[in-house]
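Visitor: Just passing along the structure, written as structure tokens.
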Amino acid sequence: MRNFIITTLVVLTLIGLGSCRKDFDTTASTGNLAFSKQTVYLDTVFTNIGSSTYNLKVYNTGSDDIHIPTISLENGATSQFRLMVDGIAGQSFENIEIKAKDSIFIFVETTIDILDYTTTATEFLYTDNILFDANNFTQKVELVTLVKDAKMIFPSTLNDGELNNFDLTFSQLDWTNTVPYIIYGYPTVPACETLTIEEGTRIHFHRDAGLIIPNCATIIADGDISTDQDLLEKEIIFEGDRLEPLFSDIPGQWGTIWLQEGSTNNLFDYVTIKNGTIGIRSDGNDGDLTTTITNTQLYNHSVNGLLALQGNIEGKNIVVGNCGQASVNIALGGTYNFEHCTFTNYWSNGFRSFPTLVISNWLEGFASNLNANFTNCIIYGNEDLEFLFDKVVEADFNYKFTNCLLQFNDSSNQFNTNPLYDFSNLTLFEGNIFNQDPVFLDKFNNQFQIEEVISPADNNGFEIIPSFNDILNTARTTGNYDIGAYQASVFPTDG
């Protein structure tokens, strides 16, 4: 026991002595540091909105342990960048040790008010440098971020996870393409007023934010086709407020555009809506036309691209792709006429238990008449059964698919005797093609163009009069129209 106590005291003494050493076994760096990158690009941020956290790795490639005498931002205390080195936040650091053949991480963030630097430009490139050492051995890594001006629309109070709906003022009802809009909460168009969104406008929703169009109100999002010569992209885009490439295709970043019961004459033309929870939710309006959707794309929504509850929708050249549940969910009946639409689902972010298209005439004990027509539409995905009917007898259930390309491979014959799926009944199904791959350009990246000659959708559509161009403003071939939102084209070849 006595020997054990003596040994323990010796060990504790050695540990204590070791903990008191102050860099006696390191040498100062002499300009031989290596870096994972020479420039850290923090991508694009909106004014007064914090960036993501970016990292820089600093390597000691030598065989000796070293310390870096100083790490600092060149702009010092006035810099808009923030650093974290060895778990400590700040703008300058001293004697940072790196063992031989080892490395450390430096983390970088920023929040910038563009008005501190310009009152005329809508965007501003902000730069600084991280300096390593401050003598003849100084090395540096550049920091770069593009800051964009934006108009903020937000309620007087913000509570995360709550709806936070608030009325727009009359001066906020005309959205222009001068600078992007950033939305917090759920702004609501005043009753019997119209929100007009100019072509080329960009709308960015913060987490859990969205837009409400209530009874008697209207939204007009009237974009246009863009050409290579355009200085301004004329399409209107609704998406999240994180501009970093990492967030470019992440679903569920914001809420929904909610067209509530009684809203009327809503229009979406040349619009892209992406990365939300539900792209458009359109509620019923007792027979009046609720919404016209043309030349519009809805992608990467965590629940639905289009959810209609007793809606009344006229849709042409709509593309809905890759959603966590049904891409298009028609619930509680309504009136729908879809022509040359492409509804797909190749969801790759987890398990999907719903087909691409769901059609029902009831919801939670309520029933309503359904009238739905699909002409020259593609309804396809990576599951065997990509459309589903859900009917109750308390309300009408009327539908027809004409010259559509449909995925419905009922290998287990579970719907073989169900009259809703009687594909020989010409009052329900006429001129359709089943279970033939549309041959999309890139189905996992929402590029649903079809290939000329190769795709079964080529030249198998029904001639609609009056005709209209495809979603890219390409004229449809007279006589044998193509199925879906795109005219068939020759795909580019590698190289």
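Only the coordinates and a few stated rules stand behind these numbers; no lab work does. All values reported here derive from a predicted model rather than from experimental measurement. Virtual Cβ from ideal backbone geometry, glycine too; neighbours counted across all protein chains shown.
Visitor: With point charges of +1 on the Cβ of Lys and Arg and -1 on the Cβ of Asp and Glu, referenced to the Cα centre of the chain, which listed residue (ALA191, GLY50, ILE68) lies farthest in the positive direction of the dipole?
Guide: The listed residue farthest towards the positive side: ILE68.
Visitor: Give the calculated FRET efficiency between ASN55 and LYS151 to the nearest 0.05, with a Förster radius of 25 Å applied to their Cβ-Cβ distance.
Guide: Given R0 = 25 Å and the Cβ-Cβ separation, E is 0.20.
Visitor: Could you give the length gained by full extension between ASN445 and LEU363, i.e. 0.36 nm per residue of separation minus their alpha carbon distance, to one decimal place?
Guide: This chain segment gains 26.3 nm when fully extended.
Visitor: Okay, next question. Report the gain in length on full extension from GLU452 to GLU394: 0.36 nm times residue separation, minus Cα-Cα distance, nm rounded to one decimal.
Guide: So the extension gain works out to 16.4 nm.
Visitor: Where both residues lie in the range 104-256, what percent of DSSP beta bridges are antiparallel, nearest 5?
Guide: Of those bridges, close to 35 percent are antiparallel.
Visitor: Follow-up. How far apart, in nm, are two points set 7 Å out from the Cα along the Cα-to-Cβ line at ASN373 and at PHE137?
Guide: Those two pseudo-labels are separated by 8.0 nm.
Visitor: Can I ask one more? Which order do SER348, SER248, SER79 fall in if you start with the one that has the fewest other Cβ atoms within 10 Å?
Guide: Least to most surrounded, the residues fall as SER348, SER248, SER79.
Visitor: Please determine, in degrees from 0 to 90 and to the nearest 10, the orientation of helix 2-19 with respect to the longest principal axis defined by the Cα atoms of the chain, where the helix direction is its Cα long axis.
Guide: 80
Visitor: Turning to a different aspect of this structure: Between LEU472 and ASP25, how many nm apart are label points set 7 Å from Cα along the C-beta direction?
Guide: 6.5
Visitor: Residue separation times 0.36 nm, minus the C-alpha to C-alpha distance between ASN32 and PHE415: what's the value?
Guide: Value of the extension gain: 130.8 nm.
Visitor: To continue, here is another question. Using the 10 angstrom Cβ neighbour count as an exposure proxy, how do THR227, THR44 rank, fewest first?
Guide: By the 10 Å Cβ count, ascending, the order reads THR227, THR44.
Visitor: May I ask what percent, to the nearest 5, of DSSP beta bridges between residues of the chain are antiparallel? Mind dumping the intermediate values first?
Guide: Numbers: 43 of 148 bridges.
Around 30 percent of the beta bridges assigned by DSSP in the chain are antiparallel ones.
Visitor: Additional query: Among GLY431, ALA372, THR344, whose Cα sits farthest toward the positive end of the charge dipole of the range 151-450 (+1 at Cβ of Lys/Arg, -1 at Cβ of Asp/Glu, about the Cα centre)?
Guide: About the Cα centre, the residue reaching furthest to the positive side is THR344.
Visitor: Dipole of the chain (Lys/Arg Cβ +1, Asp/Glu Cβ -1, origin at the Cα centre): which of SER353, THR30, LEU267 lies farthest to the positive side?
Guide: Value: THR30.
Visitor: Grab the other residues whose beta carbon is less than 13 angstrom from that of LYS316, score K and R as +1, D and E as -1, and report the net.
Guide: On the way: positive: ARG476; negative: ASP269, GLU314, GLU339, ASP470.
Taking every other residue near LYS316 into account, the sum is -3.
Visitor: Now a separate question. Kindly provide the helix-only [θ] at 222 nm of the chain, computed as the sum of -39,500 (n - 2.57) over DSSP H runs of four or more divided by all residues, to the nearest 500 deg cm²/dmol? List each step's numbers first, then the result.
Guide: Values: 1 runs with 18 residues, N = 495.
It comes out at -1000 deg cm²/dmol, rounded to the nearest 500.
Visitor: Please report the net charge: other residues with Cβ closer than 9 Å to the Cβ of TRP254, K and R +1, D and E -1.
Guide: -2
Visitor: I've got another one for you. List ILE212, ILE318 from most exposed to least, where exposure is judged by having the fewest other Cβ atoms within 10 Å.
Guide: The fewest-first ordering by Cβ neighbours comes to ILE212, ILE318.
Visitor: Which FRET efficiency, nearest 0.05, do GLU233 and VAL144 yield, Cβ-Cβ r, R0 25 Å? If you can, show how the numbers build up before the last one.
Guide: On the way: r = 24 Å, r/R0 = 0.94.
Calculated transfer efficiency: 0.60.
Visitor: Could you compute the net charge surrounding ALA191? Neighbours are other residues with a C-beta less than 14 Å from the C-beta of ALA191; K and R count +1, D and E count -1.
Guide: On the way: positive: none; negative: ASP167, GLU193, GLU261.
Surrounding charge for ALA191 is -3.
Visitor: For LYS99, list the lysines whose Cα falls under 22 Å from its own Cα; do not include residues on the same chain fewer than 8 positions away.
Guide: LYS22, LYS37, LYS57, LYS140
Visitor: Assign unit charges at the C-beta atoms only (+1 for Lys and Arg, -1 for Asp and Glu), then state the dipole size of the range 27-148 relative to its Cα centre in Debye, rounded to the nearest 20.
Guide: Value, rounded to 20: 240 debye.
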